[in-house]
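One structure is given here, and the rest of the page talks about it.
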Amino acid sequence: MSAVRADDLFHLYRQAHGDVAALRGLSLEVAAGESVAVLGPSGSGKTTLLALCAGFARPSSGSLNVLGSAFGAISGRELSRVRRTSIGIVRQHYHLSLPHDLSVAEIVGMPLRLLGRSDPARVTALLRAAGLVERARARPAELSGGEQQRVAVCAALAKRPRLLLADEPTGELDAAATRTVVSLLLELTREAGAAALIVTHDPTVAAACARTIHIRDGRLAAEGTTRPVLIVDEQGWLRLPRAVREEAGVGERVRAQATWGKVELLAERPTRASVPERRLEPQEKRGTEIALDRVTKSYGKREQSVVSGVSWTFAPERLHVIAGPSGSGKTTLLNLQAALDRPDDGQVWVGGERVDSLDGDEAARFRRRVLGYVSQHSTLVDFLSARENVELALTLRGFDEIEARRRADRWLEWVGLDKLGDRRADRLSGGEQRRISLARALAPGPRVLLADEPTAHLDRLSGRMIIRLLESAAREGGTTIVAASHDPDLVAAADECLVLDAGS
Amino acid sequence: MKRFRAAGTPIAFAWRRLRTRPLSTFALVLSLGGAAALIGWSSLTAATAQEDSVRAHLARLPPGERALEVVYFTVPPEADFRAPTVTDAVRGFGDVTGPIHRIRIWHSIVPNNPLGTRIVLADDPSSDVAAHAGRLPSSCAGARCEALALTGSEPVGSRVPLGPHVTATIVGRGSLRPGLVRDRTQLGQQALLVRSLSPRLRAIVAEHASTVATTAALDPGRVHAFSLGNVRERLRVTIAELERSDPLVRAHAPLGVLRDLTHRGDVARERLLIVAGEAAALVVAFAAFLATARRRESKLVEEQLTDLGAGRTQVFIARAAEVFAPAVVGTVLALAAIAVAALVVGHTRGLPIGFVRGALPSRTIVVMVAVGVAGGGLLLVSQTARDVRARFGGLELSALVALGLIVWQMSTTGALTPDEVARNGTAPVVLLAPALVFFTTGVLLLRVVPLTLRLGERLGRRAPLIRLAFLNAARSPGHAAAATTFLAVALGSALFSLNYRATIDRQAHDQARFAVGANWRMTGRSVAGVRFGHAAPVMRLTGDVNETDPAGAELQVRVLAIPAKRITDVLGWRDSFADPSRAAIARRLRPSAIRLTGPALADDARTLRVWARAQTDFPRLIVLDFLLANQRFAQLSLGAVWHDWRLLRARVPRSLDGARLVAVQYEATQTPISFKYDPEGFVDLGSFQQRRRSGWSALPSIASWKPTIAPDGTSGILFASHFAHAPVARGVRFRVNGTRQPLVHPAAGLPPPSPGFQIGELSALASRPVADQAVNGLVTLVVAGKAVPLHLVGRAGLFPSIVNDPHDFVVIDYDTLFAALNADQPGLAVPTEAWSFTGPRPARTALDVAAAERRLRDDPLAAGTRKVLTVAGVLAAALGFVGLVLATRSTLASERLVLAEYEALGVSPRALRRAAQLRVFVVSSIGLGAGVLGGVFGVLLVSAFVAVTGTAGNPLPPIVAVVAWPAAAGVLAALIAATFAAAAFVSGRALREPPAARLRA
């Protein structure tokens, strides 16, 4: 019997501005005991698929059979029963998933107690498998990210579910923690004989699963990882991934030429993104753009040193990446360069100006004059359009309405969202929102752009697009870009890379 | 076991969360318990106030008006066999009454003379009798008895025969204590109190019937408010049983008083419950408001439990347990606290344990528990995230329906009309109105605020700071709406409570002035001693107006005769009482000068004389009527005259110094009993002369005087005359002309009599029911036995000082009515009251407007209401302030990341601070504005709520809602200042943290 069987699944979300189709005829089958990785760009419907399989929502149409129960037809009570007894759930944000008031052992034992059972031996065995026996009495806040996610995995599998649903279980973990969590997850799943449906952007995770599927625009688009096979749906539509289109320079129109066994698509008018006006005059650049001189910073009551005696220079018109594991000080260095914080010791120079001792207003003036900043959390105003969001940032920096509109249009075009300029921000995908943030940061024409985890929480395709934009801005636009990231793609694309260890 | 564990796990989870958040748990317990405690406190306040009120009210009553009295008759020769039964019945109320008094009054012991001597025996003369002169009698011995005269005119020392061989010596004069005998006519014209019955006296009285009165007055210190109903029922049952068991037994108890006291207490308790309920609802709303800030956390917990495998029921149990556990604890603590407080109050005041039950009746306990449960439910709902951009849903629909229902009910049933409410009581829908208004306001603001903020953002696009402020507010519309709603509700509640309190105070002021009508008012016997100068004489009579529909019926009315020129000075008047102004009314009531006056006797006149003769069938008695300075009358008889001229003399007593001669009567000394007799003839009088120190002087002639018209229409004729062969040459002659009312009096300016009436038309102001009986503007008033035609010059709804049957009255100028009634019959109607508007407080004052107002304000129930209102108002304002600060802090805390991003984009901290302050100010302004509107609407409701006053009586004049402008302005100013302060302080603190820390968090 299949663990999951979906046939022509549709699901609509009702929103204030209208209905959005998250799934548009998805068909899928997961065998019992099979582990399947689900990949796809943001907004493709991956999370919706998981929500339907978990019984948190009902399909709008089509059929969905989970563990032998027709989830579209059974009563809510029965659906809840299936979820409680037979489905385990692991989420991306472990720090939000675990009750902070309970100990590790209590969290892992909770699913059993909720079923009216008590099995301390089972709890101990799980913790041993996860390497957390000694931390049984610890609270989640006392654990690292990887440890917390391992607790979440143990809790999800404590009741020996027949299906495990995991949504980006390694999304917020570094590489080492990712490996540990994936290994534990798949081991315990195999032990429980459960099928697993794992949404991920991480190729490591995908490689560890038995099967990989790609979802795009609410449908199954491909299977496999290295050379994904594109799916032609029942109506004969074939969807080309954006990466493929961009690599081929294909715009809105193509001509198809078919021969036996082959269909060739020829671009009518290849497009190429153009970089807006250069801001910087060559004679303005003098050697080093940003310099850190024995910078030290500590946080917390115990004065834990995050960076200690760091000295580095960042050359102009380059893409620099500060890499390192979580807690190594990447974001701290970025914030010091942005004059968002002050070092405990050392000096920070940006554009020939010392910024480590500026007061609030001086720092704000400095940032207006010199900097652009992109954080990893999108703070776009969701009821404003993409264009309005960019314009807002420009007007706050003192640009008049007309100039702000002109710049917003130009930079939206540069990031490839000119046609979505009037769409509300909350109707854009995560990647599109990140591009808006990038446009917003670059529209004023700063000398320096600081980006904190610019590709975080994005699917790989979206992340690659961001990376290309950053490269273009640095090399063609003349902007000095410093990005803090642990994304290997971004590190690979960097002109220079500063790797931090914890505390140095 | 499995099921128990499955159900217990979420409860244990909730308990763990409560334990790890002691501060917030404590806040929940405090707020929900506090809300329940407010209800209990109002009940305790009401109970305490009612105790004081009952005690004060009973103490004000004379003992007779608060006594259980059982009266029965004994018929000779039977013994007094009813005594034990009656005494036992009365003794059964020993827990609430004072000592039992027993009086036995034998009916007249004089044969064939029912008005003869009555023997009175009291069980305890020393406490039942007050000796005004002499002493109390000692025991009777043999044929001699000592007695105290209770009625009659025998002087002390006189002897009164009581029967053969028994004589009573009067050793004193006195009276029974008030309240021992309700019907004082039982004492007859001569009542003698003896200490005991000697055998001879016993033999005498044994042959006569007697009336036995057993009384026990309710003791104000032992009658408790919480047991009033029980006492009343016991009295009612006892009275019924006594009367049914024996037809000769009559019992009486102040059941009406007790019922009224109970009703007052119930009304006051209900009103305090309403006010406290509003305050409690506000406290719960505050807790719910705080809970909205934890929606995200609540949703997170829900997701955590669901992911761990909890079912929907288990999730609900966890959420409910986390909310209802503090609610239960808070409610239990509140109950315990109030119970302890009631015990302490009871112990301090020496009240029995029943007071605690009275302070915390089952109804109050139910309400307290309901508040706790409702509070918990509201918190549960508040923690559920709701998309404020969602469409028009069930919440909005129910709010609109509720509001529509209230408006329709109030407009069609007159629930907001003070007169209507005063008649029919407060409609239940009115009691719910404030809560529903708050609910509707909240729902409305939830819709309006986000739209307003978005509109503000659009309009402020050219001003970055303003735009930023609106933008940030519009990003979390739910939060802004919640803060706005709470502020509006808090301010609205505060204004409502303050206005309610101000209205009660104003009502006490107006009520006192309306009831008294002047600064001081003397009534009763003290009026006789007033020499009207500063004080105005007033007559208050009862009359009847002939109704036209149904014909022949009579409408009883109050007749108030007050000097027209003093109407503009009367206190308690409102222009809404009548269409014409007071000045116009005064002019209309006295269109011409009317005054009964005549020649004045000199202060040193000691003798009056006049030559007189009468050519009549029988001698005529010449009687002079004088009007004294105190508007009383006195007569002076000069003697009889007949055919021969005779000089009549009379000594002028000092009491007539300055008196004015206002009538001369030619009284017949004999009147044959015959239908055919018509008195005829004439009486001649010379000029009246008074002897002063300086000698004899003549009084002005009475030739211009008018003879009265008798009821049968006959009238004498008076004219000046010359006399021949007489000791006086000139004088006046009065022709009898068949009249049986031979009296002449000054014209006094009275209008000529209307056809069919002895009196001419008098101008009057009438109430509407009286005016409706007018035909051609005329009604007939029968007052003091006379039919008086009234010409109505205006209508009025109310008139100050007329509080009994306030809607059936006529007001007439005092001089006019006084002349009209007394001209023909001197002494028919004299002033019953003296009103003082200025000057020092008279020595003997029955009614004092300041004291009356003080009494109303100090009434325990009114004081309790004011106390609860003050607390509710202050609490609402304080919660509004706290809510404002917390909302500001919470909002800015939730926007740390956004603010940090703006700073990273290059917006200066100063600009962000200003934008944050502006945002707080905008959101608060909406809330304050809505709160002011709510307060305005609340003013409409206040009249209905205060319709039965703090003293639970029907209000006169009708309640006028008062806006407590100073206090309201103060609260509003304080909240505005708090807005500024909160905005400045909180925004400063929020932005003090480095942006990097905010980004990191």
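The set of residues in the range A:480-504 being open to solvent by 10 Å² or more (accessible area, probe 1.4 Å), closer than 25 Å to A:Asp459 by Cα and in contact with a strand residue (DSSP E or B) (Cβ under 8 Å, 6 or more places away or on another chain) consists of A:His486, A:Val491, A:Ala493, A:Ala494, A:Asp495, A:Glu496, A:Cys497, A:Leu498, A:Val499. Here is a check on your reading of the model: is B:Ala877 within 14 Å of another protein chain (Cβ to nearest Cβ), buried (at least 21 other Cβ atoms within 10 Å of the Cβ) and at pLDDT below 85? Judged against the criteria, B:Ala877 is not a match. May I ask you to verify whether A:Val244 is part of a loop (DSSP other than H, G, I, E, B) and at pLDDT below 70? For A:Val244, the condition - part of a loop (DSSP other than H, G, I, E, B) and at pLDDT below 70 - is not met. The lone criterion from (1) more than 8 Å from chain B (Cβ to nearest Cβ); (2) in contact with a Pro (Cβ under 8 Å, 6 or more places away or on another chain); (3) farther than 21 Å from A:Glu191 by Cβ left unmet by A:Ser86 is number (3). Any chance the range B:515-533 includes a residue that's in contact with a Lys or Arg (Cβ under 8 Å, 6 or more places away or on another chain), part of a helix (DSSP H, G or I) and polar (S, T, N, Q)? Within the range B:515-533, one or more residues are in contact with a Lys or Arg (Cβ under 8 Å, 6 or more places away or on another chain), part of a helix (DSSP H, G or I) and polar (S, T, N, Q). Criterion applied to B:Leu58, B:Leu32, B:Leu68 was being closer than 20 Å to B:Gly372 by Cβ, out of contact with any His (no Cβ under 6 Å at 6 or more places or on another chain) and surrounded by 15 or more Cβ atoms within 10 Å (Cβ to Cβ), and the one residue passing it is B:Leu32. Taking the conditions (1) assigned to a loop (DSSP other than H, G, I, E, B); (2) more than 48 Å from the chain's Cα centre (by Cα); (3) over 29 Å from B:Leu781 (Cβ atoms) in turn, B:Phe682 satisfies each one other than (1). A single entry from A:Ile402, A:Ile322 fulfils the requirement of being among the β-branched types (Val, Ile, Thr), in the same structural domain as A:Leu449 (by the TED database) and without any contact (Cβ under 8 Å) to a residue 12 or more places away in the chain: A:Ile402.
Taking A:Ser61, is it in contact with a Phe, Trp or Tyr (Cβ under 8 Å, 6 or more places away or on another chain), touching a residue at least 24 places away in the same chain (Cβ under 8 Å), among the polar types (S, T, N, Q) and more than 23 Å from A:Thr189 (Cβ to Cβ)? So A:Ser61 fits the description; yes. With respect to the conditions (1) small (Gly, Ala, Ser); (2) at positive phi; (3) within 13 Å of chain B (Cβ to nearest Cβ), A:Ala152 lacks only one, and its number is (2).
Out of curiosity, is A:Arg387 buried (at least 22 other Cβ atoms within 10 Å of the Cβ), under 17 Å from A:Leu469 (Cβ atoms) and either at the interface with chain B (Cβ under 8 Å from one of its Cβ atoms) or of a type in the set (D, E, K, R) (or both)? Judged against the criteria, A:Arg387 is not a match.
Here's the yes/no breakdown for (1) in contact with a strand residue (DSSP E or B) (Cβ under 6 Å, 6 or more places away or on another chain); (2) free of Cβ contacts under 8 Å to residues at least 40 places away in the same chain; (3) part of a strand (DSSP E or B); (4) surrounded by 16 or more Cβ atoms within 10 Å (Cβ to Cβ):
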| site | (1), (2), (3), (4) |
| --- | --- |
| B:Arg566 | yes, no, no, yes |
| B:Gly572 | no, no, no, yes |
| B:Ala583 | no, yes, no, no |
| B:Arg587 | no, yes, no, yes |
| B:Val664 | yes, no, yes, yes |
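Looking at B:Arg269, B:Arg264, just one residue is touching a residue at least 12 places away in the same chain (Cβ under 8 Å) and closer than 26 Å to B:Gly330 by Cα, and that residue is B:Arg269. A:Ala439 passes every criterion in (1) touching a Phe, Trp or Tyr at 6+ places or on another chain (Cβ under 9 Å); (2) surrounded by fewer than 22 Cβ atoms within 10 Å (Cβ to Cβ) apart from (2). Is it fair to say B:Val559 is modelled with pLDDT of 85 or more and crowded, with 18+ Cβ neighbours inside 10 Å? So B:Val559 passes the test. Among the residues of the range B:589-629, those that are open to solvent by 10 Å² or more (accessible area, probe 1.4 Å), part of a strand (DSSP E or B) and under 25 Å from B:Ala834 (Cβ atoms) comprise B:Ala600, B:Leu627.
Within the range A:332-372, being within 30 Å of A:His93 (Cβ to Cβ), open to solvent by less than 10 Å² (accessible area, probe 1.4 Å) and either assigned to a loop (DSSP other than H, G, I, E, B) or in contact with a helix residue (DSSP H, G or I) (Cβ under 6 Å, 6 or more places away or on another chain) (or both) holds for A:Asn335, A:Ala338, A:Leu340, A:Gly372.
Does B:Val779 satisfy the criteria of being open to solvent by less than 10 Å² (accessible area, probe 1.4 Å), touching a Phe, Trp or Tyr at 6+ places or on another chain (Cβ under 6 Å) and in a strand (DSSP E or B)? Answer is no for this residue. Farther than 26 Å from A:Gly193 by Cβ, in a helix (DSSP H, G or I), within 11 Å of chain B (Cβ to nearest Cβ) and of a type in the set (A, V, I, L, M) - does that describe any residue in the range A:95-109? Checking the range A:95-109: at least one residue is farther than 26 Å from A:Gly193 by Cβ, in a helix (DSSP H, G or I), within 11 Å of chain B (Cβ to nearest Cβ) and of a type in the set (A, V, I, L, M).
So that you can scan it fast, the table gives a plain yes or no per residue for (1) more than 14 Å from chain A (Cβ to nearest Cβ); (2) more than 30 Å from the chain's Cα centre (by Cα):
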position	(1), (2)
B:Asp307	no, yes
B:Gly311	no, yes
B:Phe316	no, yes
B:Ile338	yes, yes
B:Val356	yes, no
B:Ile365	yes, yes
B:Met368	yes, yes
B:Gly376	yes, yes
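Looking at the structure I just gave you, is B:Ser754 open to solvent by 40 Å² or more (accessible area, probe 1.4 Å), assigned to a loop (DSSP other than H, G, I, E, B) and among the hydroxyl-bearing types (Ser, Thr, Tyr)? It is false that B:Ser754 is open to solvent by 40 Å² or more (accessible area, probe 1.4 Å), assigned to a loop (DSSP other than H, G, I, E, B) and among the hydroxyl-bearing types (Ser, Thr, Tyr).
The criterion of at least 3 residues that are open to solvent by 30 Å² or more (accessible area, probe 1.4 Å) is met by the following strands (runs of 3 or more DSSP E) wholly inside the range B:105-172: B:129-134. Of all residues in the range A:35-54 being of a type outside the set (A, V, I, L, M) and modelled with pLDDT of 90 or more, which is surrounded by the most Cβ atoms within 10 Å (Cβ to Cβ)? Filtering the range A:35-54 for residues that are of a type outside the set (A, V, I, L, M) and modelled with pLDDT of 90 or more, the one surrounded by the most Cβ atoms within 10 Å (Cβ to Cβ) comes out as A:Cys53.
Looking only at the range B:362-383, residues that are farther than 29 Å from B:Arg296 by Cα and crowded, with 16+ Cβ neighbours inside 10 Å come to 4 in all. Comparison of B:Ala893, B:Ala930, B:Ala904 shows that the only residue that is within 12 Å of chain A (Cβ to nearest Cβ) and assigned to a helix (DSSP H, G or I) is B:Ala904.
When the range A:109-122 is filtered for residues that are of a type outside the set (Gly, Ala, Ser) and within 19 Å of B:Thr306 (Cα to Cα), the ones remaining, listed by number, are A:Met110, A:Pro111, A:Leu112, A:Arg113, A:Leu114, A:Leu115, A:Arg117. Within the set B:Ala834, B:Ala796, B:Ala820, B:Ala829, the sole residue that is within 30 Å of B:Gly716 (Cα to Cα) and buried (at least 23 other Cβ atoms within 10 Å of the Cβ) turns out to be B:Ala820.
The values are calculated or read from the model by the stated rules, or taken from the named source; none is laboratory data. Small disclaimer: the values here were computed from a predicted structure and weren't measured. Positions of Cβ are backbone-derived with ideal geometry, glycine not excepted, and every protein chain shown enters the neighbour counts. Calculation scope for accessible area: heavy atoms of the full protein, side chains included, ligands and nucleic acids excluded. Shrake-Rupley method; radii C 1.70, N 1.55, O 1.52, S 1.80 Å.
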